[in-house]
Amino acid sequence: MSDSTPNPKGAPPKLRYPTNRINGQDLKNMTEASLTWLRTNQQTVNALNVFPVPDGDTGTNMVLTMQAAWNEIANSAEKHAGKMAHAIAQGALMGARGNSGVILSQLWRGFARAMDNHETLDATTLVRAFVMARDTAYKGVVRPVEGTILTVAKDAAAAAEEAGAQTQSLFEVFNQIVPAADRSVQRTPDLLPVLKQAGVVDSGGKGLYFILEGVLRHVLGLPIDTPLATVLPLSAVDLENSVESIEPGQDYEVVVDFRPAKPLDLELFYANLESMGTSIQVGEGEGMYRMHIHVPTEKRYEPIDYIMGLGTITKVAIENLMAQMEEIEQKSAQPKLQLAAIEPGQIGVVAVAPGPGLARVFASLGVAAIIEGGQTMNPSTQEIIKAFENLPTENIIILPNNKNIILAAQQAREMTVKNVHIVPSRTVPQGLSAMMRLAPDGDAAEVAADMISALGDVETGEITIATRTVEIDGVSVTEGQVIGLHNGKLVIAASTLEDGVLQLLQHAHAGHFELITFFYGVEIGKNEANRIIDVVRAAYPDQEIEVQEGGQPHYHFIISIE
Amino acid sequence: MSEEKKSIGSITIAPRAIATIAFHAVRQSYGVVGLTSKNLVSGLAQAIVKDPTHGVQVRYDGDSISIDLYIIIEYGTRVKSVANSVSNTVKFNVEKTLGMPVKAVNVHVQGLRVSDVD
C-alpha cells in the first residue's frame, strides 16, 4: 500500500501532535487510532492467514489483543508516557489471543520497557522502544520463523534506527517506519515459502503494519474508520451480486473498462467517483481497469466523461437498475410471514424453525414468534430471549424443535422474568403436532402439559446426505449416501433419495398411519420433490399425502407421519 | 506404528517420526523457549534438548494419535494463549504431514524461563 502512504509533497503536513515529544495522553490517543485502523482492516488480515495454522483468525486475534490493551487505558488520565506504555503492555499481555496476539503483547512489553521512567516520548526514546520491542519479541521463540510479524518488527526497528540517526522529529521517524514496515510486509512471501504458494503476504505482519499505519494516519488527520480504496483483482469485481445493494435514487449502473494514460491516483479517483454515485468498485488486471458505479439518472454519463479524461475507454455498459429490481422483486414474491397477534394474558408460542417454509407453517398454526435455526445453526439463549421478550404477554411456550436447542431454551427460561414453559419438541413434526393442541386463552401450565402429551402423536422422518463414513446403531453409511432418521435415530442408508424415502417410511410403518406430510428442503427442487412423492403416493394409496415447501437446509425431507 | 493400508503393502510410521514433526513445530511456536523431558522437571538448565523424542511423547492406540508436549514458556507471555497456539500448530503440522488425524495434543507447561525482569 505504499501508494496510499501519506507523503505530502511541498507544504509540510498539518500534524495533530508536536514533533519533539508527546505525553501519556497522546500515546493513549494513538493507541486508540491503531486499534480503530486495525479493526477497519480486520477482515483483510483474516483473509491472509495461512501460517502457522490457516484458520483465518489473525486479524480477529490482533484486534482482541489491542482491544484488551485499550480497555486497560481507556479511562486513564495518566500523563506519564512510560506509565501509560506499561499499562498498554499489561493490557495486551492479559488479553493476548492467538500466536500473533502473543507476539504483539511482547512487542508492547519491549516498547514499554524502553520507556521506563520516561515522562515523555521523544525521537531517541521512540527508536529505542522499537529496538527493544524487536529484541523482546525475538526472545520468545527458539527458532524464529522469518517472513512473519517478527520480521516486520525487525525491519521497522531498523528503519527507526536509521531515521533516528538523521532527525529528532518524532513524525519524521514514524514517517520512515511505516513505509519500511510496508516494504517488509511485501517481502514476506520471499522469506516464507508457504506464503508464496498461497499468493499472500503474512497476516500478522500486515496486522502490525495496520497498527503502525493507524498511528500515522491519525497524526496526519486522515480517516481511520473506513477502509482504503482498494483495487480488487478483475475477477473479484462481483457485478452479478451488486444489484442487491441498490440505494434509492441510484437508478443506473455504469461499468466502464479503460486503460489509464498514466498511473491512476486511486485516492483521487475514488474521491471523484464518490461525488457521482455509490457502490463503487474498481478492478485491475494487466493494466486494464474496470470501474463499477451506481448513479442517479441525471448523472449517468458523468463517470464516462470523467474517465474519458483519464485514458482510453474500451467498453461501457449502462443498465437501468430499477428495471432489474422489478424482475427480482417479482421473483421473490413469497407470501409474507403472518405471525399470530397476542393479547396480554394469552399464551405466546415461540417456535424455532429451520426454514422459511416451515416458519410459515408454524405461523399459520398460531405461533407468535419465530426463531430461525435448527441443525448446525442453533440459536443462542440470547436469541431465544430476544424473540419473546417483546411479546405483550407474560405466558410463553417455547418449541425448540431440535434436541440441541432444548438446553438453550431452558437457559432462556432461567434468565427471564416471564412465565416460560418449554415443550421439548425434538423435531419439527413434533412441534407441529404440539401446535395442534394450542389453546391461546388457556392456563399456560395446562396447555403446555397438553402440548407435551401430543409430542408422541407423531412419527418423524428425516432424509439427508451423510457427510462422513460412519457406523451408528448397526447401520453403516458411506459418505455421500442418502440416510434416513426415524425419530432422530439413524435407521437406513440408501443410494437414491427415492429409495431412502421409501425405506424410511417402511421402517416407520407408515402403512399403519393416516397422514404423511413432506416438507422439502432447499437442496431439492419442487419438481424433484413432487416426483419422489408421486412414487410414495403409488406405494401408499391408502394414506393421505401432503407436500409443503419447508425451505430447511441440510435435510432434503422432513416427514411427519401421524 | 500408525498404519494405513495401501493396495501394494502397508505404510508404517514410527512414533519417533511423528515426534520429530511435532518437535520442529514446537520449536517454531512463538512463546515456547524449550522442551524438557518429562522426568527432568527440576533440571531446567537442560531445557533445550536437541533429541526430538525429549519433550514430545507420541502415543498410538491403534486408532488415533495423541501427543504430549513438555515445554518451557517465556516468562511474561500469556501462558494459556501460547499453549493453545502450540497445540494448534502441532496438530496442524502433524496432520498435514501425515495425512492422519491427531486426536489430542496435551501441553504440559513444565516451567517458565525468565530472560528479563520488568
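Structural remarks
- Checking each residue in the stretch B:77-116 for being surrounded by fewer than 22 Cβ atoms within 10 Å (Cβ to Cβ), among the β-branched types (V, I, T) and facing chain A (nearest Cβ under 10 Å) picks out only B:V79.
- Cross-chain or 6+ apart pairs with Cβ under 6 Å, the stretch B:83-106 first and closer than 14 Å to B:S64 by Cβ, then surrounded by 16 or more Cβ atoms within 10 Å (Cβ to Cβ) and not β-branched (V, I, T): B:V94/B:A22; B:V102/B:K91; B:V105/B:S87; B:V105/B:K91; B:N106/B:D68
- Residue ranges of strands (runs of 3 or more DSSP E) in the stretch A:335-403 with at least 2 members surrounded by 22 or more Cβ atoms within 10 Å (Cβ to Cβ), touching a Gly at 6+ places or on another chain (Cβ under 8 Å) and without any contact (Cβ under 8 Å) to a residue 60 or more places away in the chain: A:395-399
- Hits in the stretch A:248-268 - residues which are at pLDDT below 80 and either touching a His at 6+ places or on another chain (Cβ under 7 Å) or basic (K, R) (or both): A:Q250
- Residue that is farthest from the other protein chains (Cβ to nearest Cβ), among those in the stretch A:92-121 that are surrounded by fewer than 24 Cβ atoms within 10 Å (Cβ to Cβ) and of a type in the set (G, A, S): A:A114
- Subset of the stretch A:124-146 (residues that are of a type in the set (D, E, K, R) and part of a helix (DSSP H, G or I)): A:R128, A:R134, A:D135, A:K139
- Filter result for the condition that a residue is within 14 Å of chain B (Cβ to nearest Cβ), hydrophobic (A, V, I, L, M, F, W, C) and either more than 24 Å from A:M115 (Cβ to Cβ) or touching a His at 6+ places or on another chain (Cβ under 7 Å) (or both), over A:V185, A:V145: A:V145
- Look at the stretch A:128-142: where a residue is within 9 Å of another protein chain (Cβ to nearest Cβ) and a partner is surrounded by fewer than 24 Cβ atoms within 10 Å (Cβ to Cβ) and in a helix (DSSP H, G or I), sitting 6+ places away or on another chain with Cβ atoms under 6 Å, you get A:V142/B:R27.
- Test: B:T53 is surrounded by fewer than 22 Cβ atoms within 10 Å (Cβ to Cβ), modelled with pLDDT of 85 or more and more than 9 Å from every other protein chain (Cβ to nearest Cβ): no
- Filter result for A:K28 (away from every other protein chain (no Cβ under 13 Å), of a type in the set (K, R) and not in a helix (DSSP H, G or I)): no
- Selection count, the stretch A:112-128, where residues are farther than 20 Å from A:P18 by Cα and either in contact with a Ser or Thr (Cβ under 9 Å, 6 or more places away or on another chain) or polar (S, T, N, Q) (or both): 3
The values are calculated or read from the model by the stated rules, or taken from the named source; none is laboratory data. All figures in this text were calculated on a predicted structure; none of them were measured in a lab. Positions of Cβ are backbone-derived with ideal geometry, glycine not excepted, and every protein chain shown enters the neighbour counts.
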